[in-house]
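One structure below.
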């Protein structure tokens, strides 16, 4: 689907949540290499948390596909998804990103890097969730506010 066909595309930009997640993951890895901290037991727990977070994100993406709506955080939603992981969190993919980073802090023995997680959450709230919620409210003026009143933003 190209822009020439009249279909909306993904803007060319590095401003996407996976890019932010990758940047934070690299920072966590570096901190773990330079200032290792935490028990070896945390490593296995960390990798388990990484797997759980990837499963959560995949579950959410499957619901986007089934609903035939965009997963693009800059895109216009075609449908409001309220099932699956969206029954527990309005933002299960971002929750998965944050859990992935916590898991990497444990797996890379970078406990001091846990201070980065609130920074990541703040960036995601400001750069992505706020604008997405505005688009959802505009697209679904009755359904989205009701859904948002029942389901928490993160957990």
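Here is how the numbers come out for the structure above:
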item: Residue match in the stretch 96-109 (condition: touching a residue at least 24 places away in the same chain (Cβ under 8 Å), surrounded by fewer than 14 Cβ atoms within 10 Å (Cβ to Cβ) and either within 14 Å of the chain's Cα centre (by Cα) or over 13 Å from residue 77 (Cβ atoms) (or both)); result: no
item: Where residue 68 falls short, out of the listed (1) surrounded by 14 or more Cβ atoms within 10 Å (Cβ to Cβ); (2) under 26 Å from residue 13 (Cβ atoms); result: (1)
item: Residue ID - nearest to the chain's Cα centre (by Cα), chosen from residues in the stretch 44-62 that are under 15 Å from residue 114 (Cβ atoms) and touching a residue at least 60 places away in the same chain (Cβ under 8 Å); result: 46
item: Candidate set from the stretch 139-153 (those that are outside any helix (DSSP H, G or I) and more than 17 Å from the chain's Cα centre (by Cα)); member that is surrounded by the most Cβ atoms within 10 Å (Cβ to Cβ); result: 140
item: Complete set of residues in the stretch 38-65 that are at pLDDT below 95 and surrounded by 15 or more Cβ atoms within 10 Å (Cβ to Cβ); result: 38
item: Hey, residue 136 at pLDDT below 95 and within 18 Å of the chain's Cα centre (by Cα) or not; result: no
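The values are calculated or read from the model by the stated rules, or taken from the named source; none is laboratory data. None of these values were measured; they are calculated from a predicted model. Counting neighbours? That spans all protein chains shown, and the Cβs are built from the backbone with ideal geometry, glycine included.
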